[in-house]
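Asker: Dropping a structure here in structure tokens format, bear with me for questions.
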Amino acid sequence: MTLYGKPSTRALSPKWSPDGKWISFISQESGREELYLIQPNGEGLHQLTNAGRDIFQFEWSPSGKQMLMVVNKSGSFELMLLETETGSIVELRNAAGIHSNPNWAQDESYITFEFEGPTFPPDLYRMELPSKKVTKLTFSTPFALHAIRNKMVTPEIVSYKSFDGLEIPAFLYLPERSNGAAILYPHGGPKDQYGFGWDELAQYFTAKGYTYLAPNYRGSTGYGQEFERANYNDWGVGDTQDCLHGAKYLRTLKGIKSDRIGIAGGSYGGYMTVNALSRDPEYLFACGIAKYGDANLISSWAQCEKRLRLYTEIFLGHPSENLSIYLKGSPITDAKNIQKPVLILHGLLDTVVPPEASEEWVEALRHEGKTFEYKTYEDEPHGFLRRENLYDVYERMERFLDWYLLPG
């Protein structure tokens, strides 16, 4: 029995109320991800919240009278309390960071949650109710980072206009002393979002003097349905322009050398790197790093696991019906346009973006006589997890960026 379903409307996270009389879920029907309630027989459907922001997570209290909610406010995931009878919302914590996984004590006297921010990694916290007194329960920050925590950077939220006038939000890390170089780092997904989370890579490169810009290009979540769907049937086109205009924005910043801007990213961010280097007649980037990225949407669709094929079809349809869109989004035929060096990194156990994607891209670069460095990791899936491999990845990234962005 289908309780709720509307064309092109995402619904997720269904949960029973404690008394079993209601089913709560998140729906994007209003253009934002709001909370809805429906009875198990399909009756009584109504929208419970009207926050005007995307609700990321929620959890019923044991009595059913309240809910904990994590609400996305432009990349800051804030903790809130919802009264289920009235729909009124009380703010519990609005610190710039990411709250997640809220849970109730059985007697509702306290809650627990995870929290991280740009200057500290995730930890577990406890909050007493109703006093809101917070106690930190775990301490994951390595001892070596305590001495330099006051030197870490909290990014600024900025925005810039893309080729069509669309405003692109971004997170800008400014170093204490600039070395004249900058890195643009598009996130993966594409249905993802860069926010106020812990990013050790951003902190490390900022400490070295790099300016670091993480754009939420069209297709990112957190900014409403229209923005999120702005790259449907348009992978590698408008979103690539958003990254190129990010480079143009970086050029306007004081102290940034126009020939010392690089691009790096993983997964869809790696795909953005490939597109930005091969489809830019102005050659705004001096180099690029593609971690487990893509270059041929058709062959990758055919070789990845089933759930990823279905994921791709949400955005682009089936290649048998929308072949021109897949071809338009595949920069594999544009390798001849590459003029800047590329570092390519991929795990051989990857079932999301198959390693053959990088093999195909490398072969195209080799055929065109381009400058590149290629490294695979036999024991890594999609993303790099093993400490010894991460050391190697980060060392290669640092050496590559320093070599091409910090001449002399």
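The values are calculated or read from the model by the stated rules, or taken from the named source; none is laboratory data. Model, not experiment: these values are computed from the prediction. Backbone-built Cβ (ideal geometry, glycine too); neighbour counts: all protein chains shown.
Yes/no per residue for (1) at pLDDT below 95; (2) touching a Ser or Thr at 6+ places or on another chain (Cβ under 7 Å):
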residue	(1), (2)
11	yes, yes
17	no, yes
20	no, no
30	yes, no
38	no, no
52	yes, no
55	no, yes
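Asker: Turning to a different aspect of this structure: Among the numbered criteria (1) farther than 20 Å from residue 159 by Cβ; (2) buried (at least 21 other Cβ atoms within 10 Å of the Cβ), which single criterion is violated by residue 207?
Answerer: (2)
Asker: Looking only at region 231-274, which residues are closer than 18 Å to residue 404 by Cα, out of contact with any Asp or Glu (no Cβ under 8 Å at 6 or more places or on another chain) and not small (Gly, Ala, Ser)?
Answerer: If the condition is that a residue be closer than 18 Å to residue 404 by Cα, out of contact with any Asp or Glu (no Cβ under 8 Å at 6 or more places or on another chain) and not small (Gly, Ala, Ser), then 250, 251, 256, 257, 259, 260, 261, 263, 273 are the ones that fit.
Asker: For region 75-89, enumerate the residues that are of a type outside the set (A, V, I, L, M, F, W, C), surrounded by fewer than 18 Cβ atoms within 10 Å (Cβ to Cβ) and touching a residue at least 12 places away in the same chain (Cβ under 8 Å).
Answerer: Looking only at region 75-89, we keep the residues that are of a type outside the set (A, V, I, L, M, F, W, C), and these are 75-76, 78, 83-88.
Applying the additional criterion that residues be surrounded by fewer than 18 Cβ atoms within 10 Å (Cβ to Cβ) yields 83, 85-88.
Selection gives 83, 85, 87.
Asker: May I ask you to verify whether residue 271 is modelled with pLDDT of 95 or more, hydroxyl-bearing (Ser, Thr, Tyr) and under 30 Å from residue 34 (Cα atoms)?
Answerer: When the stated conditions are applied, residue 271 does not pass them.
Asker: Considering only region 212-301, give the helices (runs of 4 or more DSSP H) lying wholly within it that have at least 2 residues that are basic (Lys, Arg). Steps first, answer last, please.
Answerer: Details: elements: 225-228, 238-251, 268-278.
Ranges flagged: 238-251.
Asker: Taking region 90-104 as the search range and keeping residues that are in contact (Cβ under 8 Å) with a residue 40 or more places away in the chain and not in a strand (DSSP E or B), which one is nearest to residue 60 (Cα to Cα)?
Answerer: First, pick out the residues of region 90-104 that are in contact (Cβ under 8 Å) with a residue 40 or more places away in the chain: 92-93, 96-98, 100-104.
Going one step further and asking which of them are not in a strand (DSSP E or B), we end up with 96-97.
Details: 96: 24, 97: 23 Å.
Going through the qualifying residues, I end up with 97.
Each row is one residue, and each column tells you yes or no for (1) charged (D, E, K, R); (2) out of contact with any strand residue (DSSP E or B) (no Cβ under 8 Å at 6 or more places or on another chain); (3) under 23 Å from residue 189 (Cβ atoms).
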position	(1), (2), (3)
334	yes, yes, yes
354	no, yes, yes
387	yes, yes, no
394	no, yes, yes
400	no, no, no
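Asker: Restricting to strands (runs of 3 or more DSSP E) lying wholly in region 106-148: which have 2 or more residues that are under 29 Å from the mean Cα position of the chain (by Cα) and closer than 26 Å to residue 208 by Cα? It would help to see each step written out before you state the result.
Answerer: Numbers: elements: 110-117, 120-128, 134-136.
Here the list reads 110-117, 120-128.
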